[in-house]
1. Within chain A, what's the longest stretch lacking chymotrypsin sites (Phe, Trp or Tyr not before Pro) that sit in DSSP loops with no more than 12 other Cβ atoms inside 10 Å?
2. Out of residues 5 or more away from B:Ile80 or on other chains, whose amide H comes under 5 Å of its own, with H placed 1.01 Å from N in the peptide plane?
3. Note down the magnitude of the dipole of region A:1-111 about its Cα centre, charges +1 on Lys and Arg C-beta and -1 on Asp and Glu C-beta and zero elsewhere, to the nearest 20 debye.
4. With each label point set 7 Å from Cα along the Cα-Cβ vector, what nm distance links B:Thr70 and A:Ile44?
5. Just want the answer: with Cβ charges of +1 for Lys and Arg and -1 for Asp and Glu, which residue in A:Ile175, A:Ala87, A:Asn75 is farthest toward the dipole's positive end in region A:13-207?
6. Hey, can you grab everything whose amide H is under 5 Å from the amide H of B:Val30? Only 5+ residues off in sequence or another chain; H modelled, so Pro and N-termini drop out.
7. Quick one: dipole size for the protein assembly as shown, taken about the Cα centre, charges +1 on Lys/Arg Cβ and -1 on Asp/Glu Cβ, in debye to the nearest 20.
8. Using a simple spin-label model with points 7 Å from Cα along the Cα→Cβ vector, what separation in nm is obtained for B:Lys202 and A:Trp245?
Amino acid sequence: MREVNLEINEGEFVVLAGRSGCGKSTLLRCFNGLIPHFYDGEMIGKVEVCGLDTRQHPPYILSQYAGMVFQNPDNQLFALTVEADVAFALENLSFPRDEIKERVDQALKIMGIEELRDKSTLELSGGQKQKVAIASILAMHPKILLLDEPTSSLDPFSAKQLIDTIISLNQKHRITILIAEHRLEMLLPYASRIIIIDNGRIVLDGNPREILEKYDVIPYGVSVPRIVKVVMHLKKTLNNSLIPWTPLSVEEFVDIIRRWEEK
Amino acid sequence: MIIFENVEYVYPNGFKALNRINLEVNSGEVVALMGENGAGKTTLLKHLNGLLKPTSGRVLIDGVDTRHSTVASLSRKVGIVFQNAEDMFFSPTIQEEIAFALNNFHFPGDVIRKRVDWALKFMELEEYREKSPFLLSGGEKKRLALAIILAWSPDIVALDEPTVGQDILQKEKMIQIIRQANQQGKTIIISSHDVEFIAELKPRIILMSKGRIVRDGPSEEVLTDISILQECRLLPPQIVSLTSKLDFLGLKPKLARPEEVANEIARRVRHLVNYS
């Protein structure tokens, strides 16, 4: 990371994008204290999460505010049953038994995986494992969810389901989302902000629609959704007033065209 | 040529991963195996070099029945790049990693040096040749795994989920590499559920679900058949999903470049606007 200055507000849905190795994961690890406490190396500057200086507070405290979901759920799950996995961190922090039960129930419910409660985590599909990983974090009642390419090993259907759940965590439960992900076509319509990182620096930061309208982001390794490419080309060939804003999903685009047709 | 004849494969725990697979792949073809996690794609790939032998039926690689051959001898013909590239690495340096198989296949020393240099250059890894393979980034590890295989130049190159964790620039590079290898006459078999990547590459597609082949045809046909894709828990490429929803403009689901689709929409819209 180089000269990173950043402020993220409560309730934002932030997508981190950029080529592999650009610093997305490093940035995410700064928010739950894995950096500077767990990883070697030197951190200059200061990171504050929910008012806590990450240098002064250990990861087990910070992770109650900002929970991380990694790329490979197998690295995150280890208990014998789904329920035990979701309860693990709370048990470790000596929460009272009743409260653990209540929070586990609630987390399983939010993720829609109550029926998996007694299953072994070894029996689950990749998508189910990622949902359990998220549930175990939700049980901590974090304000922020950090996700590091959570869908990369999932098939498209499971990926879409997981992303839909993440979107509803933001919209219904007001959890701040910071997600590094290559499948932008599924995320951008719902993201309030995209931060593009290149070589450790933040090179672009703003509303996804505006960023994609104004800048060529492909050189930064950002995959522009095909629909946006169609729209950009259409704007060049047709009168701009026909497409007053840039749709980010097929549905938004089809809506605009339907309106012309009705006119 | 690759032939699967009535192949079934049952794992020791009783799970039937392949169910009556009949398949022919000609030399020089580019084929993608697509389907959800657990459809049987990787199990099928592992039959190509004899890592797995059919429980019933047979697999012929250029006429050789894999049941009567060893992985070592089949590997001379078939190279598999696994999803987790790191599983393939164990040498202290990248150049030794590439040279390992060549040594094992008893290539002469000067040929080994030339092949290693060529592979490092082709995969843009020259600057790291003395480094440990484990120090590479995810994308570079994938390229190294491919370099190892291409160095001994097997006729058939199989890639298991080559785009997982890769950014768009690395995916474009992967497409170039696959096309180049194919132009050199190699048969390429890819397992993938990355529909946008496959839509760009446009190979012959074999759609798998629950151990069976449910569809086999050109990309233009398979990727525009939205209902069969959904049955296999795949989503259509965004362009196909767009064109399928613009039926009211007279568009049909199709696989095309964004510019072509934009031009077609523009034509139809001008038509509409002129009328109003």
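The values are calculated or read from the model by the stated rules, or taken from the named source; none is laboratory data. As the structure is a computational prediction, the values presented were derived from the model and not from experiment. So basically every Cβ, Gly included, is an ideal-geometry build from the backbone, and we count neighbours across all protein chains shown. Note: accessible area is taken over every heavy atom of the protein model, side chains too, but ligands, DNA and RNA are not part of it. Shrake-Rupley method; radii C 1.70, N 1.55, O 1.52, S 1.80 Å.
1. On the way: sites that count: A:Phe38, A:Tyr39, A:Phe78, A:Trp245.
With chymotrypsin sites (Phe, Trp or Tyr not before Pro) excluded where exposed in loops, chain A gives A:79-244 as its longest stretch.
2. B:Ala158
3. Numbers: 10 positive and 16 negative charges, 62 e Å.
With only Lys, Arg, Asp and Glu charged at Cβ, the dipole is about 300 debye.
4. Roughly 5.7 nm, to one decimal.
5. So the residue furthest toward the plus end is A:Ile175.
6. Hits under the 5 Å cutoff: B:Ile188, B:Arg204.
7. Working: 65 positive and 71 negative charges, 217 e Å.
Charge dipole of the protein assembly as shown: 1040 debye, to the nearest 20.
8. Going from the B:Lys202 label point to the A:Trp245 one covers 3.6 nm.
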